[in-house]
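Worksheet for the structure shown next.
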Amino acid sequence: MRNEMIKLKSEHEIGLMREAGKILAEVHNRLSEIIEPGISTLEIDRRGEEWIREFGCIPSFLNYEGYPASICVSIDDEVVHGIPKENVILREGDIVSLDAGVIYQGYHSDAARTHAVGRISEENQRLIEVTRQSFFEGIKYAVAGNHLYDISAAIQKYVEKNGFSIVRDLVGHGIGSHLHEEPQIPNFKPRFRRGPLLKPGMTLAIEPMVNAGDWPVWFLDDDWTVVTQDGENSAHYENTIYIRPNGEPEILSL
Ligand code: MF3
Ligand code: CO
């Protein structure tokens, strides 16, 4: 993949993406407070959409390639892209991943969090924490002059060291005036390649998806929901980041 195809953002564009990121962070904070046993996944989507619009944003996932909701809600062995439903109710002991994107004045942010529903097992707690921390291990390498797959390798290494596996069939992505821009960002190190050179002005959505068991996944017949093949749980953590003029990363969606 050639670097010239990655769009570098101006300070003005970054200002809009910062606002998009700040709003999305607040939406996630509010969503985290309504996660409890008994709530339906559709209710989560409704509340999320309401708050996104309240902030003057557009939910970017709604109708994206036909996706029917604003928030992806994925429970336990669902990896990503679960579709909210009135009759799907969170239960004590579940883990639930919420993925959301907003558009503010034409610019996108994209972020995901995984939450505990009530009291969860220690192993589930560890899965959530390792997934989150793998993102932070990755962005230590999100510095101008490094190569993209330095980030990928750091995420993979941390996850595997902790006995979990990284999903291979889904990746992170560039982001900006579109939800998905170049480059693709694997959370594992592709063999023999370092990936594009990281440069100031790049904006990236880095999103490790971590399985408690093995990495293979199925795509369900609803065309969206991704589940683990072995039925073990999966967690997701994502932020939109920016590489500053000084070469250092800034997290826009925290
Ligand atoms: N974070 C996910 C992604 O980057 C969310 C997309 S879900 C969709 O692909 F509904 F918009 F497709
Ligand atoms: Co994304």
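We did not get these values from a lab; they are worked out from the coordinates using the rules stated. Note that this is a predicted model, so its numbers are computed, not measured. Don't worry about glycine lacking a Cβ; one is built from the backbone with ideal geometry, like all the others, and counts go over all protein chains shown.
Note on LYS140 and LYS22: the model spin-label points, each 7 Å out from Cα along the C-beta direction, lie 3.0 nm apart. Model label points for SER177 and GLU248, set 7 angstrom from Cα along the Cα-to-Cβ axis, are 3.0 nm apart. Our note on the geometry: Cα centres of the range 1-76 and the range 155-193, 20 Å apart.
Each of ILE241, SER10, PHE61 was placed along the dipole of the chain (beta-carbon charges, centred on the mean Cα), and the one lying farthest toward the positive end is SER10. As a calculated quantity, the FRET efficiency between GLU50 and ASN87 at R0 = 25 Å, using C-beta atoms, amounts to about 0.75.
Summing charges over neighbours of GLU207, with a neighbour being any other residue whose Cβ is under 12 Å away from its Cβ, gives -1 when K and R count +1 and D and E count -1.
Under 11 Å from the Cβ of TYR242, count the other residues' Cβ atoms, weight Lys and Arg +1, Asp and Glu -1, and hand me the total.
For residues surrounding TYR242, the net value is -1.
Kirkwood hydrodynamic radius for the range 1-55: how many Å is it when counted over pairs of different Cα atoms? Every distinct Cα pair counted, the radius reaches 13.5 Å.
Charges were assigned to the Cβ only: +1 to each Lys and Arg, -1 to each Asp and Glu. The resulting dipole of the range 120-254 about its Cα centre is roughly 820 debye. With an a/c value of 1.5 or above and a/b not larger than b/c for the gyration tensor axes a ≥ b ≥ c computed over the alpha-carbon atoms, the chain is described as oblate.
Computed from the Cα positions only, the extents of the range 115-254 along the three principal axes stand at 42, 32, 31 Å, in decreasing order.
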